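Trainee: Before I ask anything, here is the structure I am working with.
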Number of protein chains: 2
Amino acid sequence: MLDPADWEKFRALAHRAVEDAVDFMRDVRERAVWEPVPEQVKAALRAAMPEEGTSLEEVYREFRETILPYATGNVHPRFWGWVHGSGTPAGAIAEFLAAVMNSNVGGRDHGAVYVERQVIRWFCDLFGWPSDAAGILVTGTSTANLLAVLVARTGALGRAVRERGLSQAEQLVGYASAATHACVRKAFESAGLGSQHLRVLPVDHAHRLDPVRVARAVAEDRRQGLRPFLLVGNAGTVDAGAIDPLDRLADLASEEGLWFHVDGAFGAAAYLSPQLRPKLRGIERADSIAFDFHKWLQAPYDAGCVLVRDGEMQRATFASEGPYITRMERGLAAGEPWFADYGPDLSRGFRALKVWFTIKTHGTAALARAIERNCEQARDLQALLERSGVFEIVAPVELQIVCFRPSISGLPPHTLDEITDECAVRLQESGEAVISSTTISGRRAMRACITNHRTTSADLDALVETLERITPEVLRDLRPR
Amino acid sequence: MLDPADWEKFRALAHRAVEDAVDFMRDVRERAVWEPVPEQVKAALRAAMPEEGTSLEEVYREFRETILPYATGNVHPRFWGWVHGSGTPAGAIAEFLAAVMNSNVGGRDHGAVYVERQVIRWFCDLFGWPSDAAGILVTGTSTANLLAVLVARTGALGRAVRERGLSQAEQLVGYASAATHACVRKAFESAGLGSQHLRVLPVDHAHRLDPVRVARAVAEDRRQGLRPFLLVGNAGTVDAGAIDPLDRLADLASEEGLWFHVDGAFGAAAYLSPQLRPKLRGIERADSIAFDFHKWLQAPYDAGCVLVRDGEMQRATFASEGPYITRMERGLAAGEPWFADYGPDLSRGFRALKVWFTIKTHGTAALARAIERNCEQARDLQALLERSGVFEIVAPVELQIVCFRPSISGLPPHTLDEITDECAVRLQESGEAVISSTTISGRRAMRACITNHRTTSADLDALVETLERITPEVLRDLRPR
């Protein structure tokens, strides 16, 4: 009833969308990286819900004119803001095909289930995990971290915590570095553990967690009658891309009986590279790993993953029963285990397909090479910035992130902070490139995160040139008179 | 670097995918509704992660031959299992375009953000909610219910619960009917409240929650020193499609100071229909509503939503800070409020686009008409089954769900249960139609859930005919000798 009255007309529209999409992807360099959404577009997007439909052709036209031009910009070769993947054409085709199939991958016995299982097995194998390890695809690492915290909670308190809740339970305490992403704190909040029970420990000069500090904090918490249960290591911190000493953290977790979770949102992907893998040594000893496909593995948004070494513990955390989801031995209700038993959702999209297409099409060698190249580019950018004399590097370049600020003496710190942020904003407004900004050791910094397979050396040259032009202008405008 | 070396070759592949996809959607009637995944396909989908890539053409060929034919089946006009939407061609195009843009809708200032805001505003307006109401698109109602429980938890315990956790907090208690979906129990578990503190109250003959029972349970819990905080009403129960007396539950929640949440996974969509809206009276008085776009609103998987009347409470539950996500007044880091502050995820796909395309293309009148038609079809199916003399209806048909079983006297209950389940399995195996099964009043039942805009009267005639053929065969095979 909602199908096209004229399939040939629909077919023509779909072909037209392909034409425009291919041009959009191919010609990305010719556009500004980002431009603000015009006020008249914002106004148009405040229109009321329409009672009557509009032809798909007309809806598509509106999309093409008012939405498509105002993408986030992360498909552009000169986008290096936050940690954004840049997507691939193969991934976009896969997403279309997944929507055509419209599979619900919460469970049951059909093709999509086997594709997601394969993707999860690929990554369990990558880390050398046993066959009873498990995992699930989710929206992203924020949710993956939440799931890991919930599984670790089951590990500490037993399955009964599901029925009893936390009000009578021992107070669990977790440990992570100050460089850890805020979503781990949010996970503690959602899980009812309380973010004050995530001990946020200071980092060393290279933004890494010191296992000795963790050991001391654990001992102190035990003395207080609390229950240490979880140690979170970072494989790539969000600000600077630092990697905690995962092998030593794994030792400590083992000695102290802590669940060892690694947040590898982008960094875990570097494990695909034989060259970069030594940096991540110890990640394979984790009890759980969270990472994204939509960052350094370039699948379209959104797709993340949590892997759990003890698959049964994951199942014990989420499996639930309902008469309407009774499993059968045959038919569509067969296919145990169901993914619904490994996470919060009973209805789940087929996000595994875009991952499958990405990895099959490119292979791990090319994906690893793209990751290595981004790391080389970060070192090149560091050298360019140092050579320019206008900027100073403010954090070690461990992977693909370069944090820097204008090197100007004699300014009050808050003025230099304002200048730094303003440089990032004006760069974005210029449309030439996008980087974001953050705080490093209490001071604002610009941050270029090169998680982008389209970036070339020339793009980084252009970045430095543009910044060399913008920075004196900002300085002139913001320097106290 | 991961872009096609030859864009024209990629363009040709994309057009070919469109050709196949349009044929797949147009010719859906000619295929079996579902068929099991062959063992050789399962084996192929156990291959190791490839180091070297394969041409996109070859990957696509493998997809077309081994994955596409084994879809869940819910795109087929004779799929009525569980509660599955059937998708639309417009939605599939939108999903492709979203992947091409590859927007990250966690926040920032770009087009996708305004589209999602518009979609949320549409549904807040539908329920007549104030301008400071909020909401967020999520994977589905399971997650939407979890978010609502977390917001209600903040409402009861204050923002400090995020830091402090639950171990020293008052024990919160919630109330819902026995017909409530298991994901609400899971939400209590994940939130650390404990599923034993969700009071699961018996339903009446029409599967509805009696407010008097809730009032008694609340009084008893208060006597015990517990803290009643949440009442969950159903707008369409999963088994039978029953609607709780939402208006009376809203009264009670107001009198008792409870957060009133409505799980309207599929049923909330019926509010679009002026004809069906009276059945849902009271839903608009909820403090929060969870529902899916991928069920009765026919967007491709996955897309759900939670709406929260007090938007500030939602923000107080999820907003978090990190130096790397500092908001700016200009540039790409502007655009407050960010969706990341209204849910768990900082990286979020552009799932609003498929909803926007669906609603703009069809309009609410046609979507409502499709919903009404499904309800009429359920009543027609009820009549057909009753007339056949082979089946009995075992739950009132309130919306689009018909629960029934073979009407055979003199059999032990467990034998009749086995026969009932076997009928559903054999129907699935026949490829003629898919329905699922459940338990109604302690006995197994077949369940046809017509959340399908492609279904015609002839499809329902065919269902009954096939069941009339299968049931005697099953009876012959399973009847005790």
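The values are calculated or read from the model by the stated rules, or taken from the named source; none is laboratory data. Model, not experiment: these values are computed from the prediction. When we count neighbours, we look across all protein chains shown, and the Cβ atoms used for this are built from the backbone with ideal geometry, even at glycine. Heads up: the accessible areas ignore ligands, DNA and RNA and are worked out on the full protein's heavy atoms, side chains in. Shrake-Rupley method; radii C 1.70, N 1.55, O 1.52, S 1.80 Å.
Trainee: Residue A:196 versus residue A:468, label points 7 Å from Cα toward the beta carbon: distance in nm?
Mentor: Placing both labels 7 Å beyond Cα along the Cβ direction yields 5.2 nm.
Trainee: If you don't mind, another one. Along Cα→Cβ, 7 Å out, is where each label goes; now give me the distance between the ones at residue A:407 and residue B:39 in nm to one decimal.
Mentor: 6.9 nm
Trainee: Sticking with this one: In whole angstrom, how far apart do the alpha carbon centroids of the range B:200-223 and the range B:268-311 sit?
Mentor: Cα centres, the range B:200-223 to the range B:268-311: 24 Å.
Trainee: Set the Förster radius R0 to 30 Å, insert the Cβ-Cβ distance between residue B:481 and residue A:329 as r into 1/(1 + (r/R0)^6), and round the FRET efficiency to 0.05.
Mentor: 0.85
Trainee: With a probe of 1.4 Å, find how much accessible area the range A:283-427 has per residue, and write the answer as a whole number in Å².
Mentor: 28 Å²
Trainee: Residues of A:54-63, mean number of Cβ from any other protein chain within 10 Å of their own Cβ, rounded to a whole number?
Mentor: What the average comes to for A:54-63 is 5.
Trainee: Then there is this: In nm to one decimal, list the spacings between the residue A:392 label point and its equivalents in the other copies, with label points set 7 Å along Cα to Cβ, shortest first.
Mentor: 8.5
Trainee: Right, something else. How large is the helix-only mean residue ellipticity at 222 nm for chain B, computed as the sum of -39500 (n - 2.57) over DSSP H runs with n ≥ 4, divided by its residue count, in deg cm²/dmol to the nearest 500?
Mentor: Helices in chain B give a 222 nm mean residue ellipticity of -14000 deg cm²/dmol.
Trainee: Right, another one. Which distances in nm, rounded to one decimal and ordered from shortest, link the label point of residue A:219 to the equivalent label points in the other identical copies, with labels set 7 Å from Cα toward Cβ?
Mentor: Sorted ascending, the copy-to-copy spacings read 5.8 nm.
Trainee: Name the residues of the range B:103-134 whose accessible area, probed at 1.4 Å, falls by at least 50 Å² once all protein chains are in place instead of their chain on its own?
Mentor: B:104, B:108, B:114, B:118, B:122
Trainee: Using 7 Å Cα-to-Cβ label points, what is the residue B:458/residue B:51 separation (nm, one decimal)?
Mentor: 5.6 nm
Trainee: Based on Cβ point charges of +1 for Lys and Arg and -1 for Asp and Glu, what charge dipole magnitude is obtained for chain B about its Cα centre, in debye rounded to the nearest 20?
Mentor: In total the dipole reaches around 1000 debye.
Trainee: Okay, next question. Looking at the axis that maps chain B onto chain A, which chain B residue has the closest Cβ, and how far off is it in Å, rounded to a whole number?
Mentor: B:192, 1
Trainee: Compute the separation of the alpha-carbon centres of the range B:350-406 and the range A:45-103 and state it in Å as a whole number.
Mentor: If we compute the Cα centre of each part, the gap is 30 Å.
Trainee: Once neighbouring chains are kept in place and the probe is 1.4 Å, which whole percent of the accessible area of chain A is contributed by carbon and sulfur?
Mentor: Carbon plus sulfur share of accessible area: 47 percent.
Trainee: Let me ask something else about it. Checking an interface number: how much accessible area is buried between A and B, summed over both chains, with a 1.4 Å probe, in Å² rounded to 100?
Mentor: Adding both sides of the contact gives about 14500 Å².
Trainee: By its C-alpha gyration tensor, with a ≥ b ≥ c as the square roots of the eigenvalues, how is the range A:187-337 shaped: rounded for a/c under 1.5, else prolate for a/b larger than b/c, else oblate?
Mentor: It comes out oblate by the Cα gyration axes.
Trainee: When a/c reaches 1.5 or more, the comparison of a/b and b/c decides; with that in mind, is the range A:391-481 rounded, prolate or oblate per its Cα gyration tensor?
Mentor: oblate
Trainee: When you count, for each residue, the other Cβ atoms within 10 Å and take the mean per peptide, how do A:392-400, B:267-275, A:413-421 rank with the highest first?
Mentor: B:267-275, A:392-400, A:413-421
Trainee: Want the number for residue B:5 to residue B:321: 0.36 nm per residue separation, take away the alpha-carbon distance, what's left?
Mentor: 109.6 nm
Trainee: A follow-up question, please. Rounded to the nearest 20 Debye, what is the dipole magnitude of the range B:124-180 about its Cα centre when Lys and Arg each give +1 and Asp and Glu each give -1 at the C-beta?
Mentor: Here the size comes out at about 200 debye.
Trainee: Could you tell me which of the pairs A:354/B:354; A:186/A:354; A:186/B:186 are separated by over 23 angstrom between their Cα atoms in the structure shown?
Mentor: Checking Cα-Cα distances, A:186/A:354 exceed 23 Å.
Trainee: Here's another thing I want to ask about it. So if the hydrodynamic radius of the range B:24-96 is defined as the Kirkwood radius over C-alpha pairs, what does Stokes-Einstein give as its diffusion coefficient at 25 °C and 0.890 mPa s, in µm² per second?
Mentor: It comes out at roughly 170 µm²/s.
Trainee: Could I ask something else about it? If we hang a label 7 Å off Cα along the beta carbon direction at residue B:456, how far is it from the matching labels on the other copies, in nm, shortest first?
Mentor: List, nearest first: 5.6 nm.
Trainee: Right, something else. List every residue whose amide H lies under 5 Å from the amide H of residue B:265, counting only residues 5 or more places away in sequence or on a different chain, with H placed 1.01 Å from N in the peptide plane.
Mentor: Placed amide hydrogens put B:235 under 5 Å from residue B:265.
Trainee: Sticking with this one: What does the charge dipole of the range B:146-250 about its Cα centre add up to, to the nearest 20 debye, if the Cβ of each Lys and Arg holds +1 and the Cβ of each Asp and Glu holds -1?
Mentor: So the magnitude is around 320 debye.
Trainee: For an R0 of 45 angstrom, estimate the FRET efficiency from the Cβ-Cβ distance between residue A:365 and residue B:29 and round to the nearest 0.05.
Mentor: Calculated transfer efficiency: 0.55.
Trainee: Using only the Cα atoms of the range B:110-178, what do you get for the radius of gyration and for Dmax, in Å?
Mentor: In Å, with Rg to one decimal and Dmax whole: 15.3, 44.
Trainee: Select from A:237, B:457, B:33 the residue farthest towards the positive end of the dipole of the protein assembly as shown; place +1 on Cβ of Lys and Arg, -1 on Cβ of Asp and Glu, and compute about the Cα centre.
Mentor: A:237
Trainee: Show me, for the range A:389-402, the HN-Hα J-couplings you get by feeding each phi into the Karplus relation (A = 6.51, B = -1.76, C = 1.60, θ = phi - 60°), rounded to Hz, glycine and proline as x.
Mentor: x, 8, 10, 10, 7, 10, 8, x, 8, 8, 10, 10, 10, 10
Trainee: Residue farthest toward the positive end of the dipole of the protein assembly as shown, with Cβ of Lys/Arg at +1 and Asp/Glu at -1: which of A:133, B:74, B:406?
Mentor: Sorting the options by dipole projection puts first A:133.
Trainee: Which helices of chain B meet both criteria: a Cα extent of 24 Å or more along the helical axis and a mean Kyte-Doolittle score no lower than 1.0, with helices taken as whole DSSP H segments?
Mentor: none
Trainee: Farthest toward the dipole's positive end in the range B:252-361, which of B:282, B:325, B:308, given Cβ charges of +1 (Lys, Arg) and -1 (Asp, Glu) about the Cα centre?
Mentor: Result: B:282, furthest along the dipole toward the positive end.
Trainee: Then there is this: Would the range B:243-319 count as rounded, prolate or oblate if I go by the C-alpha gyration tensor, calling it rounded below 1.5 in a/c and otherwise prolate when a/b exceeds b/c, oblate otherwise?
Mentor: Oblate shape, in that a/c is at least 1.5 and b/c is the bigger or equal ratio.
Trainee: Distance from a point 7 Å along Cα→Cβ of residue B:213 to each backbone N in the range B:359-399: keep the residues under 14 Å and list them by number.
Mentor: none
Trainee: Divide, for the range B:1-61, the radius of gyration over alpha carbons by 2.2 N^0.38 Å, where N is the residue count.
Mentor: Expressed relative to 2.2 N^0.38 Å, the Cα Rg reads 1.47.
Trainee: For the peptides B:429-437, B:83-91, what is the packing order when you average, over each peptide's residues, the other Cβ atoms within 10 Å and list the highest mean first?
Mentor: Highest-to-lowest ranking by the protection proxy: B:83-91, B:429-437.
Trainee: Something else now. Find the all-direction average of the projected area of the Cα convex hull for chain B, expressing the result in square nanometres with one decimal place.
Mentor: 26.9 nm²
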